[in-house]
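Every number here is computed from the coordinates shown, using simple stated rules; none is lab data. Everything numeric in this text was worked out from a predicted model, so none of it was measured. Methodologically, a virtual Cβ is constructed for each residue, glycine included, from the backbone with ideal geometry; neighbour enumeration extends over all protein chains shown.
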Amino acid sequence: MAGSQTGQVRVVAQDPSVRDGADGPILTGLVSFPAEETRDGPSGHRVQVIDYDATTQTMYAPARTGTATAQRSDEDIIGDPAFHALNVYGLVMSTLGRFEFALGRRVAWGFPGHQLKVVPHAFAVANAYYSPDSQALLFGYFDNGRGTTFTCLSHDIVVHETAHALLDGLRGRFLKPSSPDQAAFHEGFADIVALLSVFSMKEAVRRLIDHAARDTSDSPPGEFVPTSALRPRQLMNSALFALAEEMAPRADPGGIGALRRSVRLRPNPKCLDLLEFRDSHRRGEVLVAAMCRAFLEVWTRRLDALAPGSSKLVDRGRAAEEGAGIADQLLTLAIRALDYTPPVHLLFGDFLSAALTADTEVRPNDDRYQLRATLLRCFASYGILPASGTADGCWQRSDKQLRRTGVRFGSVQSDPTEMFRLIWANRTRLKLPVTAYSWVSDVRPCLRMEPEDGLPVRETVATCIQHVQITADQLGEYGLRKPAGMAGDVEVSLEGGSTLVLDEYGMLKFEISNRLPRPTDPSACARAQTRLDYLHESGAFTKGITFRNRFANVHRLRASAAASSRQEVW
Amino acid sequence: MTTIGPAPTEVTIFLYNVGFGDCLLLRLGYARGRNRSVLIDFGSTRRAKQGAPKSMEAVARKIEEHSAGKLDVVVATHRHRDHISGFAGDSGKIISNLDPEVVVQPWTEQPDLAVDATDSTVPAAGSSRLQFAARLESLHAAAAQVLEQLPRLAGTPGVTASLVRQLEFLGQTNLKNAEAVRALQAMGTRHAYASFGSDLGLADLLPGVEVEVLGPPSLAQSPEIRSMASTNSDEFWHLAATGGQAPSRQRAEPLFPDARQARKIPQEARWLIPRIDKMQAEELLSLVRILDGVMNNTSLILLFTIGDTRLLFPGDAQLENWRYALQRAPNAEDIRSRLSQTRVYKVGHHGSLNATPRTLLWNGFVRAGLPDPAQQLITLLSTRASTHGDSDQGTEVPRDRLVEELKTRSRLVNTQDCTAESGWWREVVVPL
């Protein structure tokens, strides 16, 4: 994996049950990422694979990295732990690479350290999760009645867990209790990254097309397929679902089957109000459903444009290339959106506005795919409206002129203290209460590549957090009322935060805020009151409620279909 | 649910200190004719720390004495060991000889379901009831798998003794109690397998007493219970049951016997390995906790009404079970209104955090907090502290906050207050 600019590893394209043709070998593909010199393990500057099995208390020898791209037999893929180690390394590194490309900068993990530990055979338990405490991704394995299922060989599951670790690094506060949307966002976002990551591999999209074509009677043999076989409904109901069938729920310990299920969620603008979607592990599926519909709509529209004449036939390879390209574009957009979200109290509508803004900034011309209009329509069909309230859904540009007296422009792009100086000098313009505990949690210069006109977009993204610790009796000072049944001496944390996006000259482009509530700002108070009531109802102020092992628990809940309600517990 | 004949003139509840478990006898006295006796559960997983009976046979003998040698109804709220273990063995024989007329159990215990459900690897197509029953079989198998791993876990650095104890307790509670299940099937002249709204047909047997079934809901009634019977969920439990390799030996066969193993633990792995060991044990604990909840939610919830006196016995029902009666049923409002008048409440699931719905049930009890002790709500708590859950995580049983509330707002009768001097049962006379 050394010697060239790009490292490559052969990975399982979806999971070992997905084969190349009816009786072919396990479908694999190559993933790429910036090259590095690794030690056996593989062990690199961002990922260390540690192959320890707690159930059998076995430590396997570190995998040698020499044959990372070679075609492997099915026997090897299933039975060689060294292949498993390379598989997880490749998928984690390529996902990290996707994030860094989209954001135009290095991305840290959500813990104080640079190397994420990845354990491909952690235990004989049907679960896989990200553990921030252990700085690790843990993949279980289990007996499925016909053999052993390895969660580390499921592309979906590995990417999903990696996305959790990366999102935690970018927006650590999204793990905190805030609202049903924020509780659901981690799962929904990780699912979106997993799904789009699979479909940005041509091999996987090609397989999707073959499935759809197989189900169509007027499909001619050979390389061409009628576009009528590739309608969103067919793709959702036959091909995509067929993939899920082959994956089989029993190969789905992390609840990734829910990802497939969410694709088939019928649009309903009121669905987020339904009791069923109040539970975080179901609510995230709505986000995934909206994104999937957008993907399929854009793709099938492109296929129509590619199939001239009355035959409406399209080349399978070209169709696959288009599909993979669109999935890749959407993946970039979804990741890039994170930089345009408020740092605290995220709602789905914030994510939508962030995604639309992020895409507009680097890809102003959307005639080819009409991604943004499609996203707006698809999200609206599930009741998710842009938080910006603007017609195009983008955040409004800031017209604030920041005072920069004494602020060093060179430092402000990367130094939190310098950035805080800029913010402090403009605290009134930015409407930041001076009495709150405030700090800059992150400041990063970014270079976002624009694939169409080739001109990079330079930005600086900073996040500022504000925090006050009060008792329930003091809520009135912030324009809030005490929820019914809350004792006056209960300690309450209020948090606000702003994401500031500066252009290449240090001018403020966007100010994306969820500020601390104050009596003079009724809309901020209304939002904060909704959160406060929800948190009280869900027991977040109850002593002893713990959010430890959050990911392990959420995944288990998704798989077991259990329900919970904090307001009824003691 | 109509009542026949004159109502009882005396109601006495005997609460036996079986440790972590439930065993209650409801004795109904009539102005004319013999008393009637209803035994509600008879099981234990941990003996009481103090004021404990010598054995389960001793409890059975006391039941025999208190019921004057005749049981009319036996209720087994659900099949957890701490509710039915006493029906097996010698203590079970004593109960059986008390010749109960009717045995009441939840619908999930119907023998034809159990017979069809023996092969848990093949979910019965087209029958979600059978599928659900198959699930219960998988739960027992999962519990057995967890118990098999205990000797190895106990010797693993990073896995605390407290974690192992909790695993052992929950694993044992959820093991299949085959002998007790069989004994219950053989007992009585009639069996009633009930779900929400079932008529138990007890009007002749218990004159003047109305017994209403408020749970468990049937699969058709409850989306939560139904989702537990979904295919995905079924597969989840099957997975838990098979549990991968789940070796019980101290050091098991490696997953890849032919693969190269490290000659020594690499430096970068030394910090992580005890954490992985611990997380594996925590995974198993979470699994058995979920499994415990599923079984609890098959629990019968019975409301006895004598005149305008209401006695509520919810077994170990948790929120998913309660929710149908309290929120989703067409007559939920009417049910909540009747429950608000409850005089005696057997505290659900030994006082755990999620078996006494706080706003939907507890806050509605109008007798809770009444100043006159003669009018106040009576609560019965059968439990043993430091057996189940963890106070650091707010999951201790009984939950401190709940016990505090029971103490301050009701007349609490707690088996943990039994001592060698005061004896190992409590007798509660219910004012009519």
Q. Which shape class, rounded, prolate or oblate, goes with chain B when its Cα gyration tensor gives a ≥ b ≥ c as root eigenvalues, a/c under 1.5 marks rounded, and past that a/b bigger than b/c marks prolate?
A. prolate
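Going by how many other Cβ atoms sit within 10 Å of their own, how do A:Tyr437, A:Tyr52, A:Tyr129 line up, fewest first?
Ranking A:Tyr437, A:Tyr52, A:Tyr129 by Cβ neighbours within 10 Å, fewest first, gives A:Tyr437, A:Tyr52, A:Tyr129.
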Q) Which three lengths, in whole Å and largest first, does region A:404-505 cover when its Cα atoms are put on their principal axes? A) 58, 35, 19
(Q) As I understand it, the dipole of chain B uses +1 on the Cβ of Lys and Arg and -1 on the Cβ of Asp and Glu, about the Cα centre. Which of B:Ala281, B:Ile40, B:Ala329 lies farthest toward its positive end? (A) B:Ala281
**Q.** Dipole magnitude of chain A, debye to nearest 20 (Cβ charges: Lys/Arg +1, Asp/Glu -1, about Cα centre)
**A.** 1340 debye
Q) Say the dipole of the protein assembly as shown comes from +1 at the beta carbon of Lys and Arg and -1 at that of Asp and Glu; which of A:Thr162, B:His66, A:Leu535 then lies farthest toward its positive end? A) A:Leu535
**Q.** Largest-first principal axis extents of the Cα set of region A:453-518 (Å)
**A.** 58, 18, 16
Q: Pull up the cross-link candidates among the lysines for B:Lys176, meaning alpha carbon to alpha carbon under 22 Å and not fewer than 8 places away within one chain.
A: B:Lys93
Q) In what sequence do B:Lys176, B:Lys62 fall when counting other Cβ within 10 Å, fewest first? A) B:Lys176, B:Lys62
Q) Looking at the square roots a ≥ b ≥ c of the eigenvalues of the Cα gyration tensor of region A:392-461, which shape do they give, rounded for a/c under 1.5, prolate if a/b is larger than b/c, or oblate? A) prolate
Q.
What do you get for the angle between helix B:273-296 and the principal long axis of chain B? Use alpha-carbon atoms, 0 to 90 degrees, nearest ten.
A. 30 degrees
Q | Reachable lysines from A:Lys400, criterion Cα separation under 22 angstrom, eight or more residues apart if same chain | A | A:Lys431, A:Lys509
Q) What are the aspartates and glutamates whose alpha-carbon lies under 19 Å from the alpha-carbon of B:Lys70, with same-chain residues fewer than 8 places away excluded? A) B:Glu10, B:Asp41, B:Glu57, B:Asp90, B:Asp99, B:Glu101, B:Asp204, B:Glu427
Q | Furthest towards positive pole of dipole, A:Phe150, A:Val440, A:Phe139, structure part the protein assembly as shown, Cβ charges | A | A:Val440
Q. Helix B:231-242 versus the longest principal axis of chain B: what angle, 0 to 90°, nearest 10, using Cα atoms?
A. 70 degrees
Q | Within region B:297-400: Cβ-based charge dipole about Cα centre, in debye rounded to nearest 20 (Lys, Arg +1; Asp, Glu -1) | A | 300 debye
Q. Placing +1 at every Lys and Arg Cβ and -1 at every Asp and Glu Cβ, with all other atoms neutral, what dipole size does the protein assembly as shown have around its Cα centre, in debye to the nearest 20?
A. 1700 debye
Q) What angle do you read, to the nearest 10 degrees and between 0 and 90, between the alpha-carbon axis of helix B:128-154 and the longest principal axis of chain B? A) 60 degrees
Q. Which FRET efficiency, nearest 0.05, do B:Ala186 and B:Arg34 yield, Cβ-Cβ r, R0 25 Å?
A. 0.50
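Roughly speaking, what % of Cα-Cα pairs in the protein assembly as shown are separated by over 53 Å, rounded to a whole number?
Value for the protein assembly as shown (Cα pairs over 53 Å): 23 percent.
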**Q.** Added length on full extension, which subtracts the Cα-Cα distance from 0.36 nm per residue, A:Ser441 to A:Arg397
**A.** 13.6 nm
Q) When the Kirkwood radius is taken over all Cα pairs of region B:299-404, what Stokes-Einstein diffusion coefficient follows at 10 °C and 1.306 mPa s, in µm²/s? A) 111 µm²/s
Q) What ranking of B:Val104, A:Val314, A:Val362, B:Val428 emerges when the number of other C-beta atoms within 10 Å of each C-beta is taken as an exposure proxy, fewest first? A) B:Val428, A:Val362, A:Val314, B:Val104
